[in-house]
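Below you'll find the structure, written out as structure tokens, and then a few comments.
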Amino acid sequence: MVKIILVIATLVGVAQGTLIIKPPKPVEPTTKCQIYWREYAWALEDCVCRIFQNACLLNDESNQREKAGKTPLIPVSENVCKKFIPSKCKLLGWPVVAKFPVPSPCGCNGKPGSLEAKKFRSLCELLKYSAECSRPFISYSKC
């Protein structure tokens, strides 16, 4: 009898918890740009080279920076940008995880593929890797 009461109480508690806790809202896209369209654009971000998947994403990021009171991105050519790749990164820094767009299996430009997550020792290491390997990232977050 006691076991039945405990089971019923547990089930009621779980049901109430499920009803009280609202499911998380779906993540809304932060940009109207097509993240899988490959037409690389290069820019300087605070005198550091950064590659973008396309010009739309570059402009969107630059606008967000300006709204946040930061300096805008400066569009430059690939050759100019590569002169601003950091040669060394400090040993200290917060680890970050970045998401890189992976083309669809057919290789069609603009067709949705997948996102590959890759971990780096610091933001500097991420920017260095991205620019040296011509692999733009879509987003990053601290670990």
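Throughout, read-outs are computed from the coordinates displayed, never taken from laboratory work. Predicted, not measured: the structure shown is a model, and the values here were computed from it. Ideal geometry is used to build each Cβ from the backbone, glycine not excepted, and the neighbour counts take in all protein chains shown.
Taking amide H positions as modeled 1.01 Å from N, with prolines and chain starts lacking one, the residues under 5 Å from Val76 and 5 or more places away or on another chain are Trp42, Ala43, Leu44. Residues of region 114-143 with an amide N closer than 11 Å to a point placed 7 Å from the Cα of Lys82 along the Cα-to-Cβ direction: 132-134.
Once the Cα-Cα distance is subtracted from the 0.36 nm per residue extended length, the Asn109 to Ser134 segment shows a gain of 7.4 nm. Annotation for region 52-120: trypsin sites (Lys or Arg not before Pro) lying in DSSP loop with at most 15 further Cβ atoms inside 10 Å of their Cβ are Lys70, Lys83, Lys88, Lys90.
Each of Lys90 and Arg121 was given a label point 7 Å from its Cα along the Cα-to-Cβ line. The distance between the two points is 1.4 nm.
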